[in-house]
Amino acid sequence: MQVDDALIAKLSRLSMLDFNEAEKEEIKADLVKMIGFVDKLKELDTSGIDPLLHMSGNNNMLREDEVKNMLTQEEALRNAPLHDSQFFKVPKVIKKPD
Amino acid sequence: MSETQDYEIVIGLEVHAQLLTRSKLFCGDSTFFGKDANSQVSVVSLAHPGTLPKMNKEVISMAIKLGLACNCEIVQHNYFARKNYFYPDLPKGYQISQHTTPICKKGYLEVQVGKESKKIRLNRIHMEEDAGKSLHDKESNYTNIDYNRAGMPLLEIVTEPDLRSAEEAFAYVTALRKLVRHLGICDGNMEQGSLRCDVNVSVRKKGDPKLGTKVEVKNLNSIRFIKKAIESESMRLIGMHQRGEAILQQTRGLNESDFTTYAIRTKEDEDDYRYFPEPDLPPFFITDEMIEALRKEMPKPVTAIKEELKTAYGLQEYDASQLANDNELLSYFENIIKEIKNYKAAANWTIGPVKNYLTTEELSIDEFKVPPAAVATLIRLIDAGSINFGIASQKIFPELIQHPSLDIVSYIKENSLELETSGSQIDLLIQTALNKHAQKITEYKKGKKGLLSLFVGEVMKLSGGKVDPKIVTEKIIEKLNA
């Protein structure tokens, strides 16, 4: 994988984070090391080995269809930085169609 | 230049069906619709740190039932994936979805288009959680978020690109809606968003084996909008093709006021969802025994029920199909015929006065308090000639709705609703009616036989609806031909 400005720009967008030029250079150097590490792992022959999907051996952890453990509206909203008596409030997120 | 009819429209549908479980997909929040905003939430649906999802058993059963009903292959080794995207209606920052490993594969749904029957192949049915609801129009500076819907269990049902017209799409969604209701896994209410549809449309010249670039119109919440979206989008694409413009792979929305579509995003700047197996949910396995047990629980297919109604009770195609398509009405009908053997009348009452009342008042059968036995009593009294259908359906039935425990026989007596059965009394009424229309009698005798209904109507009016129109008709003919 090519570690370049385009990749940094894409990752910034996906993670919703902004970086200054110095930080970008630092991230580039780190990324090269990380990708190198994974490339090293890829040298192992894993053909014929099922991927490990989950660390625990406990499969079929299912629950009954029961209503429980709900919060009240007041409790639900309490910790939000911005809310009224009913809604969480966030900055406008939609571009209205023209 | 190619004409519109030289093009073929190719359509694939993705339907999201919200399941009728009591609790959400991964936590115990109630799924009840229409409660106060943010009152059906928990630390799991709000994604508080340290919380973990736990899978609702019932969702798996419902998914398998739909899969079996659609002749799908049931996948026995299952896991969920994380679909990463950043949007405030999804507080975790990712959606848990079976996008990569659907529980049901392939299969088909047979639909009726006009007089033809067509098999629409399914690509897959998979489980996923719904997102919360963003309200953009409440305030100018903020978007308001309601998380009651976050984590609701959904099945996404994806077809192959087998549909060729808005009518076929309409028929498919109608059939699918009936099926999920019949299986009791989704209420099919499009207005409340329990059934939503994304449409993939592309166009190509007839005979061209290659599919055109597809455009997706998202979030259509009525069968009519699905039709409109396909009509308007296919015309737009054909226009672009004719003008030689490049068609971009886009996601579009439907403008519900004039049915035009608008671009939401173009494939090139589509998000990279970075799917990976969900580490918080262990895999789950479906055994052959579980599939067989569910197969036994499945309601009979609608077509089988319809054929049974026709053979067992001698019902006509229309009546049988009305009853077979609605579990609730069917069981009401079955309860009426426990009391009486006039199956035709029982069917007429069920899909007539009972269904009409429920539709007009937008009630479910649970809210309908008139016992089937009372309807059976009405039918018995009509058959015995004590009352007629008009009086039963227009005078007694509304009274029963108000007072479900009404003593019908006493009510008829108290309000003198019995049919006039005395021959001399009926003759008197007929004489009065004919006297009133002396002029018309001459016309009738000259051959204007249509006037008969006028005479009968007059007698019915004079009697206050309390004579049997059949007897009156016979008597009038007899009298006028004398």
Part-to-part distance (alpha-carbon centres) for the stretch B:415-482 and the stretch B:247-326, which is given in Å:
56 Å
Could you give the accessible area per residue of the stretch B:300-414, probe 1.4 Å, as a whole number in Å²?
52 Å²
Measure nothing fancy, just the Cα-based angle from helix B:302-313's long axis to the longest principal axis of chain B, in degrees from 0 to 90, nearest 10.
20 degrees
All other residues with a Cβ under 9 Å from the Cβ of B:VAL44 taken together, and with Lys, Arg as +1 and Asp, Glu as -1, what is their net charge?
+1
Neighbour-limited loop hits for GluC sites (Glu not before Pro), the stretch B:358-402 (at most 16 other Cβ within 10 Å; DSSP other than H, G, I, E, B):
B:GLU362
Test item: A:43-50 mean partner chain Cβ contacts at 10 Å
0
In Å, what Rg and Dmax follow from the Cα atoms of chain B?
29.4, 95
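Using C-alpha positions alone, give me the convex hull volume of the protein assembly as shown per residue in cubic angstrom.
Values: hull volume 150.5 nm³, N = 580.
Convex hull of Cα atoms, per residue: 260 Å³.
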Tally Lys/Arg at +1 and Asp/Glu at -1 over every other residue whose Cβ is under 14 Å from the Cβ of B:LYS54; what's the total?
-4
Classify the stretch B:380-482 from the C-alpha gyration tensor, please: rounded if a/c falls under 1.5, else prolate or oblate depending on whether a/b exceeds b/c.
prolate
With θ set to phi - 60°, apply the Karplus curve 6.51 cos²θ - 1.76 cosθ + 1.60 along the stretch B:389-402 and write out the HN-Hα couplings as whole Hz, x wherever there is a Gly or Pro.
4, x, 5, 4, 7, 9, 9, 7, 4, x, 5, 5, 4, 6
Compute the long axis of helix B:57-69 from its Cα atoms, compare it with the longest principal axis of the Cα atoms of chain B, and write down the angle in degrees, 0 to 90, nearest 10.
70 degrees
Kirkwood Rh, Cα Rg: Rg to Rh for the stretch B:4-290?
0.97
Run through all the Cα pairs of the stretch B:443-482 and give the fraction in each 5 Å bin from 0, expressed as whole percent.
6, 24, 32, 23, 11, 4, 0
In whole percent, and with a 1.4 Å probe on the protein chains, what portion of the accessible area of the stretch B:300-414 is carbon and sulfur?
51 percent
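Which loop GluC sites (Glu not before Pro) in the stretch B:128-202, with loop taken from DSSP, have no more than 14 other Cβ atoms within 10 angstrom of their Cβ? Walk me through the intermediate numbers first.
On the way: sites: B:GLU128, B:GLU129, B:GLU139, B:GLU156, B:GLU167, B:GLU168, B:GLU191; in loops: B:GLU139, B:GLU191.
Those satisfying the criteria are B:GLU139, B:GLU191.
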Per-residue mean of C-beta atoms belonging to partner chains within 10 Å, peptide B:22-31:
4
When the convex hull of its Cα atoms is projected in every direction, mean area for the stretch B:42-172 (nm²)
10.6 nm²
Ignoring ligands and nucleic acids, what accessible area does B:ARG164 show with a 1.4 Å probe (Å², nearest 10)?
70 Å²
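Among the listed pairs A:LYS28/B:LYS83; B:LYS83/B:LYS227; A:LYS10/A:LYS33; B:LYS106/B:LYS133, give every one whose C-alpha distance is greater than 20 Å. All intermediate terms of the calculation are to be shown ahead of the outcome.
On the way: A:LYS28/B:LYS83 26 Å; B:LYS83/B:LYS227 30 Å; A:LYS10/A:LYS33 18 Å; B:LYS106/B:LYS133 31 Å.
Violating the 20 Å Cα-Cα cut-off are A:LYS28/B:LYS83; B:LYS83/B:LYS227; B:LYS106/B:LYS133.
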If you keep only loop residues by DSSP, which GluC sites (Glu not before Pro) in the stretch B:1-106 have at most 14 other Cβ atoms within 10 Å of their Cβ?
B:GLU3
Loss of accessible area when A meets B, both sides summed, Å² nearest 100, probe 1.4 Å
4000 Å²
Please flag any cysteine in chain B that has no other cysteine's Cβ under 4.7 angstrom from its own Cβ.
B:CYS27, B:CYS70, B:CYS186, B:CYS197
Taking every residue in A:9-16, how many Cβ atoms of other protein chains lie within 10 Å of its Cβ, on average?
2
Gyration tensor on Cα atoms of chain A, a ≥ b ≥ c root eigenvalues, a/c under 1.5 rounded, else prolate if a/b beats b/c, else oblate, says oblate
10 Å beta-carbon shell around B:GLY67, net charge (K/R +1, D/E -1):
+3
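How do B:423-431, B:436-444 rank on mean C-beta neighbours within 10 Å, highest first?
Working: B:423-431: 14.4, B:436-444: 12.8.
So the peptides B:423-431, B:436-444, ranked by packing, come out B:423-431, B:436-444.
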For the stretch B:88-151 and the stretch A:67-93, what is the centre-to-centre distance using only Cα atoms, to the nearest Å?
24 Å
Among the lysines, select those whose C-alpha is under 17 Å from the C-alpha of B:LYS138, and discard any that sit fewer than 8 residues away in the same chain.
A:LYS89, A:LYS92, A:LYS95, A:LYS96
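How would the stretch B:249-352 be classified by its alpha-carbon gyration tensor: rounded, prolate or oblate, with rounded meaning a/c under 1.5 and the a/b versus b/c comparison settling the rest?
Details: a/c = 4.24, a/b = 1.69, b/c = 2.50.
Oblate is the answer for the stretch B:249-352, as a/c is 1.5 or above yet b/c matches or exceeds a/b.
The values are calculated or read from the model by the stated rules, or taken from the named source; none is laboratory data. A quick note: this is a predicted structure, and the numbers were derived from the prediction, not measured. Cβ atoms come from the backbone with ideal geometry, glycine included; neighbour counts cover every protein chain shown. Protein only, heavy atoms only, side chains kept; ligands, DNA and RNA dropped before computing areas. Shrake-Rupley method; radii C 1.70, N 1.55, O 1.52, S 1.80 Å.
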